[in-house]
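Working notes, structure below.
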Amino acid sequence: MILFLDADELYPPNIFEKLFEANQDIIGTCYYKRTPPYTPVVYVDNENANKDILPYSPIDLPFTPKGQVLEVSGCGFGGMLVRTDVFRMMGDDKWTVYGKNFHIPEDLPDKLSHDLNFCETAKKYGYKIFVHTSVIAGHIARHVVTERNFMEELQKTKLPKVVVLIPSIDKEKAKATVNQLASTAGMEAQYVVMEDKERLGYVKMVNKGFELYKDADFFVYTAEDAYGGRDWLLKAWETLEDKYAGLLAFNDGKWDGKLASFGMVRREWLNYVYDGKYLMNPVYKSHYGDTELSIIAMAQGKLIYNSNCVLIEVDRQKKEHGVNEDDRKTYIERQLAGFDGRVKNPAYLNLFEANTNKELTQGIIIVTHEKVRKYCDNLLKSLEGTTYPIHIVVNESKKYPYYTEKLKKKYKSVVEFEGNHFELSAFEANKQLKLDEFLLLPATTEIVDNNLLKMVFVNLKGRSVAFSTYPTIFGMFIGKYRKSIVDNMDFVMPKNKEEAVEMEMTFNQQYLQLDPNTTILWRDFVDNDNIVEIFGEKRMLIENPFIKKWKGTYHRDMIKNA
């Protein structure tokens, strides 16, 4: 194999490994031209009227999902990996030249560069041309040209056409909403009220608007009861352009960017989601179209969130409305199938199981042992009056039967465990309890604040939570676990203390890999401004007396270095 590298390009250090693993005869690297408007040097066939003069047009590289091995019509030689068999097959045709009119500064036929001429010839011999969308080079000019330069040039050339879609069953309410949104948007947009007289559903109306305005660059989908903050639209557009994202989740006061219940969508990106045919999947009627779109965007790295882009729903009867049951069933079926194979990471697929209209079973699991019975008594006392079910797991229960019996007389749910391991005993116990999510506490936790329980089970419903109150480098120890994640994990009973430590480290790394959206909370919450603002610096879990020596701040990188 031969890897062609240009002297005026900066390549990622793993370029050869990435291209080699793709296992193609000819595969190139993605990069941009050195001069404005910095168009991508990756091409597809030009289908426009001028195709006889300009046979190729650049692809929408910034909006192409990363990690793909993409078949194209041609690409540059810089960073191209070619099997030597290709040159043997091509014979003397392997010697590539520029088109005869290449240097004439006007549009003429036969202006192809040497690399595109090579691609043309190779295709005549039956070869296909590919690029790897995760292998991106910088092109050296007076500065290193990257995707950012291309996007900045796009912004200079035109103002975007933005269409705000508002499905409605109350025309007067929608009219008032349009006036409010337009007055606070901060930039021009076209507001379209999609009156749903036949009650076809939210998704149908959004897709109808998408079909009507094919020339729009961006779409906002919202509702007739929406309320926009200052410059809500301008800030959203600037955020999308700055990060080259496909979908922006507005700050709706509820999802914190995990779901774009109201969103701003780039049309080009939708070409790589539903082939540009619709904005939301038409298999839904009223609900879950935004959820599926958000998960796909998240999996592609194209979902962005800016808390300053405020667009909220003012619906005081929201809880009474519920969700469409058929949509719920459809979502579950599509979720299990990875949304037609578009999403493979289980962490993304399981992110919104709490929203399938299923009432989550929640509870507290306390793992105790006869040796720490006094601490367990204090902890249970602090939990008196809580509405969340308490389940007690007793380690080495047969060794200390009197302690187990004492707990059984006082508490309804006591699970016996022969071994002596904190996390494993809880996970084994939950095979019986079948809690969808549970807060796991060691008996030596002194006090649990009621505000913490509300935050964990209500505010962070459907999400894993790791407390660094017990600041091990493993990331999870005290925390709220989710059954859907634990069920996908393998663990065995350790034989000794050394194996237990190793298993614990491996387990916690695996858990955080499967659920990368785990919320990490430090003991005093000094690293979480929102929590500090709400609760002050009050400790939610009081420090364990056995580990007062532990100090410092948790960082996710610690997991990698463990």
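The values are calculated or read from the model by the stated rules, or taken from the named source; none is laboratory data. None of the values given here were measured: they were computed from a predicted structure. Here Cβ is always computed from backbone atoms with ideal geometry, including for glycine, and neighbour counts include all displayed protein chains.
The figures follow:
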| item | result |
| --- | --- |
| Qualifying position, being among the acidic types (Asp, Glu) and either crowded, with 21+ Cβ neighbours inside 10 Å or in contact with a strand residue (DSSP E or B) (Cβ under 6 Å, 6 or more places away or on another chain) (or both), among 256, 315, 290, 275 | 290 |
| Flag for residue 461 being assigned to a loop (DSSP other than H, G, I, E, B), surrounded by fewer than 14 Cβ atoms within 10 Å (Cβ to Cβ) and either of a type in the set (Val, Ile, Thr) or on the phi < 0 side of the Ramachandran plot (or both) | no |
| Qualifying position, being of a type outside the set (Gly, Ala, Ser) and farther than 28 Å from residue 200 by Cα, among 242, 326, 340, 315 | 242 |
| Residue within segment 206-223 that is over 27 Å from residue 283 (Cα atoms) and either touching a Gly at 6+ places or on another chain (Cβ under 8 Å) or among the aromatic types (Phe, Trp, Tyr) (or both) present | no |
| Only one of 156, 111, 171, 100 that is buried (at least 17 other Cβ atoms within 10 Å of the Cβ) and at pLDDT below 90 | 111 |
| Enumeration of residues in segment 410-425 that are surrounded by fewer than 18 Cβ atoms within 10 Å (Cβ to Cβ) and either touching a residue at least 60 places away in the same chain (Cβ under 8 Å) or not assigned by TED's automatic domain parsing to the domain that holds residue 451 (or both) | 419 |
| Every pair of residues 6+ apart whose Cβ atoms lie under 8 Å, when the first sits in segment 324-337 and is of a type outside the set (Val, Ile, Thr) while the second is exposed (fewer than 13 other Cβ atoms within 10 Å of the Cβ) | 334/340 |
| Residues being closer than 15 Å to residue 75 by Cβ and not β-branched (Val, Ile, Thr) - total across segment 21-45 | 11 |
| In segment 72-97, the residues that are assigned to a loop (DSSP other than H, G, I, E, B) and at pLDDT below 90 | 95, 96, 97 |
| Scan of segment 3-38 for residues that are touching a Leu at 6+ places or on another chain (Cβ under 9 Å) and of a type in the set (S, T, N, Q), ordered by number | 24, 29 |
| Segments classed as helices (runs of 4 or more DSSP H), wholly inside segment 166-285, with at least 1 members that are within 18 Å of the chain's Cα centre (by Cα) and closer than 30 Å to residue 147 by Cα | 232-243, 267-270 |
| Tally, over segment 389-409, of residues that are under 29 Å from residue 482 (Cβ atoms) and either basic (Lys, Arg) or buried (at least 16 other Cβ atoms within 10 Å of the Cβ) (or both) | 11 |
| Residue count, segment 398-424 (criterion: modelled with pLDDT of 85 or more and polar (S, T, N, Q)) | 2 |
| Residue in segment 55-71 that is farther than 27 Å from residue 146 by Cα and surrounded by fewer than 19 Cβ atoms within 10 Å (Cβ to Cβ) present | no |
| Cβ-Cβ under 9 Å pairs, at least 6 apart or on other chains, segment 252-280 side over 14 Å from residue 210 (Cα atoms) and in the same structural domain as residue 189 (by TED's automatic domain parsing), far side surrounded by fewer than 18 Cβ atoms within 10 Å (Cβ to Cβ) and of a type in the set (Ser, Thr, Tyr) | 256/307; 257/307 |
| Sole exception among (1) free of Cβ contacts under 8 Å to residues at least 12 places away in the same chain; (2) of a type in the set (Ser, Thr, Tyr); (3) in contact with a Leu (Cβ under 7 Å, 6 or more places away or on another chain) for residue 291, by number | (1) |
| Residue that is surrounded by the most Cβ atoms within 10 Å (Cβ to Cβ), among those in segment 426-454 that are in contact with a strand residue (DSSP E or B) (Cβ under 7 Å, 6 or more places away or on another chain), assigned to a helix (DSSP H, G or I) and not aliphatic (A, V, I, L, M) | 430 |
| Top-ranked residue in segment 182-203 [being touching a residue at least 60 places away in the same chain (Cβ under 8 Å) and surrounded by 21 or more Cβ atoms within 10 Å (Cβ to Cβ); ranked as nearest to residue 314 (Cα to Cα)] | 202 |
